[in-house]
Amino acid sequence: MQSLPLLPTTVIGSYATPSWLWTAMEEIKHGRYGTTDLNETYDDAVRMAIGDQERAGVDIISDGEMRRFFFVQNFYRKIEGLEELEPFRKTGLYAYDSVPRYRPVEKITVPHGLGIVEEFTFLKENTQKRIIATCPGPLTLTIHLHLRKGGAYADRLELANDLAGVVNAELKALVEAGADYVQIDEPSSAIIPGDLRDWIALINRAIDGVNAKIGLHICFGNLLSRPRGKRTYRWMFPALLDVNCHRFLFEFANRELSEIEMWKDVGDDREFAAGLVDVKSFYVESPEDVAERIRTALNSIPAEKLYITPDCGFFPVPRWLAFLKLKNMVAGTKIVRKELGVE
């Protein structure tokens, strides 16, 4: 496997859903696909995501999270002890109050895992590129779970601690399957009210004993390109440095690179993946746009520690747009590598 260049390009996780897959999911929802149909559909979708990332020239790719739906929804079908509830709102534009909700009616179990090992294995078998495995963090897995007084859990933290054990088991199984880099996605750390120290302890429990490089991605929500949290990282520091990860992945492009200079103040020597392509905008960044943003990032982040990424996943973005953004992200990175004398 080839070594990585300076300023490696990678992705956060999800890739765009093509029109034919949206149509297929309608058929699936109505029970019109058998097991073979399902496998063929999702296998083809992953191969499409792999192909687009490879054609764009991305250095480290994902499976596009093509087997998942709206980030975490498919995982609830794998968790035993939940009952489905009605969405808060069923009319108007789909938003954070439109999603299905669930309630634990007993202590949750996940007897067959979250399915991420199977996703990773298929990805590994279908590319020669460096790859990442992504997993929602324990707090984020609670985001659509609602508790009732006197129910199975006293509070969200107790529930999230059980889910931290589930995530830990999944990550260890990923390492057994050959994963050398796993990424925890915890947007809820910036969204759900609570004590940041509790959220950090949850993440550390989820990654305890996982013998791989660990990345932590925190964003502010990306449901159909809408944020949900207050878009600032500054309040999380220096506490977030207590997370036992090797790389932080943050969004900057849609915030006009606000706070990117903070990393110089933080003074940490971990790897840092800067989101420099806006997945919430239809504006197609030119290669020079990307290069300019990288130059700004390099004022605060050493080149040997910097990774170049989109802000977040591409799930809500049309496929043609996602591909152009990735292609120009790679082209812009090459401009800066050449300036640094390494391309």
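Could you check how many residues of segment 178-195 are at pLDDT below 90 and among the small types (Gly, Ala, Ser)? Residues meeting the conditions: 4. Looking only at segment 209-230, decide whether some residue is surrounded by fewer than 22 Cβ atoms within 10 Å (Cβ to Cβ), of a type outside the set (A, V, I, L, M, F, W, C), closer than 23 Å to PRO8 by Cβ and out of contact with any strand residue (DSSP E or B) (no Cβ under 7 Å at 6 or more places or on another chain). Checked against the condition, which is being surrounded by fewer than 22 Cβ atoms within 10 Å (Cβ to Cβ), of a type outside the set (A, V, I, L, M, F, W, C), closer than 23 Å to PRO8 by Cβ and out of contact with any strand residue (DSSP E or B) (no Cβ under 7 Å at 6 or more places or on another chain), segment 209-230 yields at least one hit. Out of all the residues in segment 249-257, is one or more of a type in the set (S, T, N, Q), outside any loop (DSSP other than H, G, I, E, B) and under 30 Å from THR121 (Cβ atoms)? Looking for residues that are of a type in the set (S, T, N, Q), outside any loop (DSSP other than H, G, I, E, B) and under 30 Å from THR121 (Cβ atoms), one finds none in segment 249-257, hence no.
For segment 112-131, the condition of being aromatic (Phe, Trp, Tyr) and more than 20 Å from the chain's Cα centre (by Cα) holds for none of the residues. Listed here are the helices (runs of 4 or more DSSP H) enclosed by segment 1-111 that have at least 3 residues being under 30 Å from TYR307 (Cβ atoms), touching a Gly at 6+ places or on another chain (Cβ under 9 Å) and not acidic (Asp, Glu): 35-56. I'd like to check something: does segment 206-227 contain any residue that is in a helix (DSSP H, G or I), in contact (Cβ under 8 Å) with a residue 12 or more places away in the chain and of a type in the set (D, E, K, R)? For segment 206-227, residues in a helix (DSSP H, G or I), in contact (Cβ under 8 Å) with a residue 12 or more places away in the chain and of a type in the set (D, E, K, R): absent. The condition of being over 15 Å from THR9 (Cα atoms), touching a residue at least 60 places away in the same chain (Cβ under 8 Å) and surrounded by 15 or more Cβ atoms within 10 Å (Cβ to Cβ) holds for only one of VAL266, VAL336, VAL317, VAL330, that being VAL317.
Just so you know, in segment 171-186 the residues that are assigned to a helix (DSSP H, G or I), free of Cβ contacts under 8 Å to residues at least 60 places away in the same chain and of a type outside the set (Asp, Glu) include one that is surrounded by the most Cβ atoms within 10 Å (Cβ to Cβ), and it is LEU171.
The values are calculated or read from the model by the stated rules, or taken from the named source; none is laboratory data. Computed from a predicted model, the values in this text were never measured in an experiment. Every residue, glycine as well, gets a Cβ built from its backbone with ideal geometry; the counts of neighbours run over all protein chains shown.
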